[in-house]
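Visitor: Take this structure first; my questions come after.
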Amino acid sequence: MTEWIKAQYDRVILIAAAFFLLVSLILIAWNAIQFRNRLLTQEAGRGKSALPPPVAVELNHAAKQLENPAQWRASTRSGLFVPEKHFIGADGMPATLENTQVHAPVPNEWFEQYHLPIEDADVLDQDPDKDGFTNLDEWQGNTDPTNKDSHPDYVTKLHLVSATEEPFRYIFSSRIKDKFGINTIDQTEPTQFLKVGDVIQGTDFKIVKFTEKRERNRYGMREDVSELLLEHAENDVQVTLVKGKVATSPQSVATFVYTWGGRREFEVRKDQEFPLKPNEDIKYKLVEVQPSRAVIVNTEDPGAPIEIGFAAP
């Protein structure tokens, strides 16, 4: 047998190689068939459920989280992910809402309450609700700067420009029954003794009414403060003379500036009435003029005097 193999060596090698090749072909074909079957199974399964691979699911979930990031909520001005607002203070040094009042005298909390841009340099002069009043006006009036129906009184936009106070030249100095002694304030003319209905010489004013009054002075004594009401014969301007006191002349004039809806200056004579926009049906009357202030009243509420001073510099 051994001799035969040696003699047929070439033929044996050829037969072995052919056998090995045949087996290899069979195995390759078998693996190809198995691979094809697995591929068909996966395609069929994918058509039914259409489930993405696990990695794709995780990527989709991460993308959605990026689109809607979690919000850090805190009750304070700063927190772990909420940076503090920083400003340059009046002294030129860095400042924050915690340690600096950004727009004095208005507190920082007021701007935050109404969501106003505290970082704007002109925020006090802004008018977000367009009612004609600035944020500073609204804070001073304790009103809502974001609601046009909530605003200070229009009179708050009225200020003095100048005031010229003139004394009335005559004084009610004495009374004897139904006669009244009238003197010039400088005592340069003789006393006039007049009754109700008489005209004061040197003027166009007539005595139209006498009112007897007494009030306690600072010493507790009852003082005669009776009044004479005078009326001009031509223009019906009235002057009240209080016994022993110098009255303000109707020639006294106050110059006002009104800054609602623009800037308007106008003069008002004592006892003259005037309106203010936008409520021009309401009339105000100038009842007193002094060098440092004027006093007006709403003619619908004459018992509540309103002092008008100069605008803050």
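Visitor: How high is the FRET efficiency between Y219 and D301 when r is their beta carbon distance and R₀ equals 35 Å, given to the nearest 0.05? Let's see the in-between values first.
Guide: Working: r = 33 Å, r/R0 = 0.95.
The formula returns an efficiency of 0.60 here.
Visitor: Further question: A 25 angstrom limit on the alpha carbon distance is what I want to check against. Which of K148/K277; K206/K245; K148/K285; K130/K270 exceed it? Each step should come with its number before you reach the end.
Guide: On the way: K148/K277 16 Å; K206/K245 18 Å; K148/K285 27 Å; K130/K270 34 Å.
Too far apart for the 25 Å limit: K148/K285; K130/K270.
Visitor: Consider a paramagnetic label point 7 Å from the Cα of R175 along Cα→Cβ; state which residues of segment 206-228 have an amide N under 18 Å from it.
Guide: Those under the cut-off are 206-217, 221-228.
Visitor: Another question about this same structure. Roughly what would the spin-label model give for L25 and Q187, points 7 Å off Cα along C-beta, in nm?
Guide: 15.4
Visitor: Next up: May I ask you to give the solvent-accessible area per residue for segment 261-313, in square angstrom, as obtained with a 1.4 angstrom probe? Please report the intermediate quantities before stating the final value.
Guide: Numbers: 3320 Å² over 53 residues.
Per-residue accessible area for segment 261-313 comes out at 63 Å².
Visitor: Under a plain spin-label model, where a point goes 7 Å from the Cα along Cα-to-Cβ, how far apart in nm are A312 and Q251?
Guide: According to this spin-label approximation, the distance is 3.8 nm.
Visitor: Hey, what did segment 149-225 get for relative contact order, percent, Cα under 8 Å, at least 6 apart?
Guide: Relative CO of segment 149-225 lands at 13 percent.
Visitor: Right, here's the next one. Accessible area of segment 168-289 with a 1.4 Å probe: how many percent of it is carbon plus sulfur?
Guide: Carbon and sulfur atoms account for 44 percent of the accessible area of segment 168-289.
The values are calculated or read from the model by the stated rules, or taken from the named source; none is laboratory data. All of these numbers come straight from a predicted model, not from anything done at the bench. Every residue, glycine among them, receives a Cβ derived from its backbone with ideal geometry; neighbour counts consider all protein chains shown. What goes into the accessible areas is simple: the full protein's heavy atoms, side chains included, and nothing from ligands, DNA or RNA. Shrake-Rupley method; radii C 1.70, N 1.55, O 1.52, S 1.80 Å.
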